[in-house]
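Every read-out reported here was derived from the displayed coordinates using simple, explicitly stated rules and does not represent laboratory data. Quick caveat: nothing in here was measured; it's all calculated off a predicted structure. When we count neighbours, we look across all protein chains shown, and the Cβ atoms used for this are built from the backbone with ideal geometry, even at glycine.
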Amino acid sequence: MILESQIPGGPLAEKWDKHKFDVKLVNPANKRKYDIIVVGTGLAGASAAASFGELGYNVKAFCFQDSPRRAHSIAAQGGINAAKNYQNDGDSVFRLFYDTIKGGDYRAREANVYRLAQVSVNIIDQCVAQGVPFAREYGGLLANRSFGGAQVSRTFYARGQTGQQLLLGAYSALNRQIAYGKVKMYPRTEMLDLVMVDGKARGIVVRNLITGKIESHSAHAVVLATGGYGNVFYLSTNAMGSNATAAWRAYKKGALFANPCFTQIHPTCIPVSGDYQSKLTLMSESLRNDGRVWVPKTVEIAQRLRKGEITVNDIKEEDRDYYLERKYPAFGNLVPRDVASRNAKLVCDEGRGVGASGLAVYLDFADAIRRDGQPAIAAKYGNLFEMYQKITDENPYERPMRIYPAVHYTMGGLWVDYNLMTNVPGLYAAGEANFSDHGANRLGASALMQGLADGYFVLPYTIGDYLAKMPYDKVPVDHPAFVEAEQNVISINNKLLSINGNRTVDDFHKALGHIMWEYCGMARNAEGLQIAKQEIRKLRDEFWRDVKVVGVNEELNITLEKANRVADFLELGELMVDDALNRNESCGGHFREEYQTPENEALRDDENFAYVAAWEFTGVGNEPVLHKEELEFENVKLTQRSYK
Amino acid sequence: MAGSNPNAKPMDLTLKVWRQKDRNSAGQMVTYPVKGISPDMSFLEMMDVLNEDLLRKGEDPIAFDHDCREGICGMCSLYINGRPHGPERGTTTCQLHMRHFKDGDTITIEPWRAAAFPVHKDLVVDRSAFDRIQQAGGYVSVNTGGVPDANAIPIPKSIADKAFDAATCIGCGACVAACKNASAMLFVSAKVSQLAMLPQGQTERKTRVENMVAQMDIEGFGSCTNTGACAAECPVGISLENIDMLRREFIYAKATSESL
């Protein structure tokens with residue numbers, strides 16, 4: 001198999017415009033003859049479904065939540081990047097492109113990232129036109145703030161609820177199309193298989209989560225906007241329902257999965273407090289604009305603190321180590337996420353961590369409150385401070401927050417070409433579900449940008465190019481391919497329901513999460529990854545022997561839903577380990593302990609690993625086949641990433 | 001453990017939970033004892049503990065809606081001791097922590113109660129009526145592309161901030177559950193006022209309020225009698241001022257309606 005990235009020729013800055021002219025168009029009157037399925041209604045899915053509807057296509061949209069407005073994009077806090085240069089501080093499309101490529105540690109495609117930076121400016125215009133209430137200055141114009149990995153202020157925000165406001169904007173556009181009858185919405189419906197006819201994606205099989213009914217839906221193209229797979233770690237900042245099942249079942253039908261080991265560990269999350277913990281809560285990166293990260297200078301002070309002999313406010317200024325400011329004077333507390341996370345782990349490994357467990361560092365607002373006053377800080381971060389207090393019962397205005405890294409985002413995902421089409425014709429992947437734009441590390445405020453770029457401004461152009469070559473004929477849902485896929489789904493469900501073992505689904509999920517965090521988390525090494533592979537296989541065998549799923553298919557069955565998702569995580573976890581083992585270098589969120597500089601920074605190997613690793617399924621328990629897409633850099637020079 | 005109160009003792013509690021097989025079956029309260037609950041657990045983590053116990057015994061776990069567990073998605077619900085989202089003001093159930101309960105407490109847990117929110121199962125209700133109200137007009141009719149530059153529409157900060165306050169509604173339905181009439185006025189008014197305040201919302205200002213209110217009535221929500229229970233229980237603090245604004249908008253729209 002040869003991976004065709006379909007990157008247009010010509011100079012970087014002209015590729016997208018040229019491509020938009022070169023793609024085939026579907027006549028407005030013919031668009032109504034095509035059906036498109038969109039799975040997932042987060043930023044990417046809702047914006048795509050709404051935009052397709054506006055163009056005139058017939059759209060069916062699916063989400064597992066009770067309403068499209070619940071998708072986990074809603075929880076994004078900090079902001080959305082755009083190269084507007086409203087602050088006159090030297091930003092440009094090229095600078096956003098450059099920061100994103102560099103932030104991704106040179107493991108993303110230049111052409112995709114440049115396009116992302118180009119359309120970023122349109123996203124802000126679109127959202128404002130929808131009535132999204134971004135933060136504004138007193139003069140009535142839009143406000144910006146800074147985020148990690150950038151030296152300009154290009155992040156637009158809506159207090160600490162940017163994702164919510166952007167998603168409600170996309171949801172409103174979607175609602176308008178639902179009201180017009182151009183989009184048919186299927187909430188509480190989960191995709192469980194992809195249907196292929198003559199080698200093309202032609203539909204999906206879903207389960208109605210209320211009645212359990214297994215149903216088929218046919219279309220001319222299928223878009224997966226189903227988010228990331230961070231919940232493979234059990235504990236993450238993802239929503240409880242976030243899962244990889246749609247993407248994974250597409251992988252098992254032949255779609256390639258790219259760079260699965262590229263996972264982002266977010267540096268500022270509320271630390272774990274007990275075994276019962278069900279999820280981790282992020283404290284937005286925007287807090288690092290004003291919060292200073294530190295730990296005690298010596299292990300001895302940290303020990304006394306953990307024992308409760310002293311409190312944080314007893315530690316003198318000269319006994320505090322603001323380690324990010326010390327090591328990275330140019331970027332300080334605003335280094336990219338992978339760098340901040342790894343350094344938090346380093347100081348905790350040295351024994352200088354705080355909190356009862358020693359697995360936390362301080363994020364301190366005392367200086368900012370002294371400088372700007374508490375009301376100014378409350379206006380910027382009030383809801384985050386409240387959330388912190390609710391969870392920890394501590395007041396962050398009076399004592400520093402305790403934070404620790406947690407799994408947050410997955411840069412890997414289904415392999416897609418420049419058109420966001422997977423290697424399966426007619427199957428597209430958008431937003432976090434694809435691998436395309438963030439390389440080995442995503443910069444803050446870029447996920448919202450990418451989700452909306454894909455849905456509003458990329459797919460509406462590229463999907464027409466494919467559909468224009470497709471006949472109008474619809475595949476009936478009694479076609480053998482649909483019947484076979486339905487049978488496959490039913491037999492998996494029956495199997496899960498019939499095992500009647502002794503261990504709960506959550507039990508297995510926690511065990512998997514433990515393996516992944518231990519061996520495939522913030523730091524990895526070949527030996528540990530080998531252990532992880534064996535342990536995952538063992539756990540997976542045990543799952544299929546001993547899992548306990550109660551009830552029947554024909555009802556609202558929360559255990560059966562979870563069992564399907566965890567079954568897929570148990571396979572995906574192994575692929576992540578395979579990918580991490582294959583990549584004998586450190587880059588971005590993938591830190592292999594064997595490959596580091598004397599200063600403990602990631603040591604890339606551009607000679608041998610400047611490629612996208614796209615994996616092909618060959619059967620559960622079999623070794624997947626690696627396909628490489630070489631990354632070509634014509635516009636940026638590959639250098640050791642430095643934030644010093 | 002990193003919680004604030006590491007010495008707080010685990011609690012034993014008695015839960016009385018609404019169990020209902022499906023939409024068409026009758027339901028009933030069922031009593032479950034739970035033991036060893038840490039005060040640092042969230043309410044839903046306490047429910048997880050109970051569900052794991054039930055599963056191990058081969059019993060059907062209690063179905064409840066939840067997703068982000070960060071207080072923003074609006075999916076969690078639960079009527080706890082007679083109050084939507086429980087005893088803490090300005091808090092969703094997922095952000096409610098067990099430190100607000102005492103050892104030995106009995107806690108009553110019911111689904112949202114409203115004719116327009118039928119029960120799917122146990123504590124899970126159907127809130128699709130809210131989506132249909134939004135579909136009736138909760139948007140600005142702009143297609144993707146072809147919009148002016150974002151800074152071409154300056155909006156005074158005070159207005160932008162007020163519109164933002166209204167826009168933070170998470171659509172959870174606590175306002176309906178809190179209201180003795182099961183009225184959806186607070187929910188509807190939040191979107192109507194957000195868009196009525198902003199310049200982008202002016203073109204459709206009148207039809208929006210007319211259509212959204214009409215849909216609200218079709219869905220079977222009750223009338224608003226100004227008790228203010230909705231705003232008192234709203235986990236994100238949507239203000240009653242929005243209902244005032246909705247009334248003004250509605251009267252103005254009807255008095256000057258172009259669709260007469």
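Before moving on, here are some points about what is shown:
- Virtual paramagnetic centre 7 Å along Cα→Cβ of A:GLU632, amide N under 20 Å, in region A:80-110: A:98, A:101-102, A:106-110
- Over region A:227-381, Cα pairs under 8 Å with separation of 6+ residues give a relative contact order of 23 percent.
- Extension gain (nm, one decimal) between A:ASP606 and A:LYS307, 0.36 nm per residue minus Cα-Cα: 103.0 nm
- Among B:ASP149, B:ASP131, the order by Cβ neighbours within 10 angstrom, fewest to most, reads B:ASP149, B:ASP131.
- Cβ crowding within 10 Å, taken as a proxy for footprinting-reagent exposure, orders A:ASP66, B:ASP12, A:ASP478 from fewest neighbours to most as A:ASP478, B:ASP12, A:ASP66.
- Furthest towards positive pole of dipole, A:PHE21, A:ALA158, B:SER257, structure part the protein assembly as shown, Cβ charges: B:SER257
- Karplus-based coupling profile of region A:321-335, in residue order and whole Hz: 10, 7, 5, 6, 5, 5, 7, 10, x, 5, 9, x, 6, 9, 5, with θ = phi - 60° in 6.51 cos²θ - 1.76 cosθ + 1.60 and x standing for Gly or Pro.
- Each listed q (0.14, 0.19 Å⁻¹) maps to a log10 I(q)/I(0) for region B:20-113, found by the Debye formula over equal Cα scatterers with no solvent: -0.52, -0.99.
- Gain on full stretching of the segment that runs from A:VAL552 to A:LYS474 - 0.36 nm per residue minus C-alpha separation: 24.8 nm
- Kirkwood Rh and Cα Rg combined as Rg over Rh, evaluated for the protein assembly as shown: 0.94
- Evaluating 6.51 cos²θ - 1.76 cosθ + 1.60 at θ = phi - 60° for every residue in region A:586-591, the Karplus couplings come out as 10, 7, x, x, 9, 10 Hz, glycine and proline recorded as x.
- Its Cα centre serving as origin, the protein assembly as shown has a Cβ charge dipole (Lys and Arg +1, Asp and Glu -1) of approximately 1620 debye.
- Pairs spanning more than 31 Å between alpha-carbon atoms, out of B:LYS121/B:LYS191; A:LYS316/B:LYS9; A:LYS538/A:LYS628: A:LYS316/B:LYS9.
- Distance in nm between pseudo-label sites at A:LYS495 and A:GLU518 (7 Å out along the Cβ direction from Cα): 2.6 nm
- If R0 equals 22 Å, the separation of the Cβ atoms of B:GLN202 and B:ASN151 corresponds to a calculated FRET efficiency of about 0.75.
- Cα→Cβ-extended label distance, 7 Å offset, between A:LEU141 and A:GLU594, nm: 5.4 nm
- In a simple Cβ point-charge model (Lys, Arg +1; Asp, Glu -1; nothing else charged), chain B has a dipole of about 460 debye relative to its Cα centre.
- Sorted by Cβ neighbour density within 10 Å, fewest at the top, the residues A:TRP517, A:TRP544: A:TRP544, A:TRP517
- Antiparallel content of DSSP bridges confined to the protein assembly as shown, in %, to 5: 70 percent
- Among A:GLY308, A:ALA376, A:TRP294 - extreme Cα towards positive end, dipole of region A:266-406, charges at beta-carbon: A:TRP294
- Kirkwood Rh (inverse of mean 1/r, distinct Cα pairs), region A:266-406, angstrom: 15.1 Å
- Positive-pole candidate from A:ASN584, A:ASN488, A:VAL547, dipole of region A:483-609, charges at beta carbon: A:VAL547
- Annotation: region B:127-255 has a Kirkwood hydrodynamic radius of 15.0 angstrom, from the mean reciprocal C-alpha pair distance.
- Theoretical FRET efficiency, 1/(1+(r/R0)^6), r = Cβ-Cβ of B:THR106 and B:GLU59, R0 30 Å, to 0.05: 0.90
- Taking 10 °C and 1.306 mPa s as conditions, chain B diffuses translationally at an estimated 79 µm²/s according to Stokes-Einstein applied to its Kirkwood radius (Cα pairs).
- Beta bridges from DSSP with both residues in region B:11-121: antiparallel share about 75 percent, rounded to the nearest 5.
- Among the listed pairs A:LYS469/A:LYS562; A:LYS20/A:LYS200; A:LYS495/A:LYS533; A:LYS60/B:LYS57; B:LYS57/B:LYS102; A:LYS15/A:LYS182, those beyond 29 Å (Cα-Cα): A:LYS469/A:LYS562; A:LYS60/B:LYS57; A:LYS15/A:LYS182
- Principal semi-axes in Å for region A:483-609 [√(5λ), Cα gyration tensor, largest first]: 36, 15, 11
- Label-point separation in nm, A:GLU623 to B:TYR32, each point 7 Å along Cα→Cβ: 4.7 nm
- Estimated FRET transfer efficiency (B:ASN226, B:THR14; beta-carbon r; R0 30 Å; 0.05): 0.25
- Remark: region A:361-373, residue by residue, has Karplus-estimated 3J(HN,Hα) of 10, 8, 10, 10, 9, 4, 5, 5, 5, 5, 6, 9, x Hz, where x stands for each Gly or Pro and the curve is 6.51 cos²θ - 1.76 cosθ + 1.60 at θ = phi - 60°.
- For the protein assembly as shown, calculated [θ]222 nm from helices alone, where every DSSP H run of n ≥ 4 adds -39500 (n - 2.57): -11000 deg cm²/dmol
- Region A:28-83: trypsin sites (Lys or Arg not before Pro) in DSSP loop, at most 14 other beta carbons within 10 Å: A:ARG32
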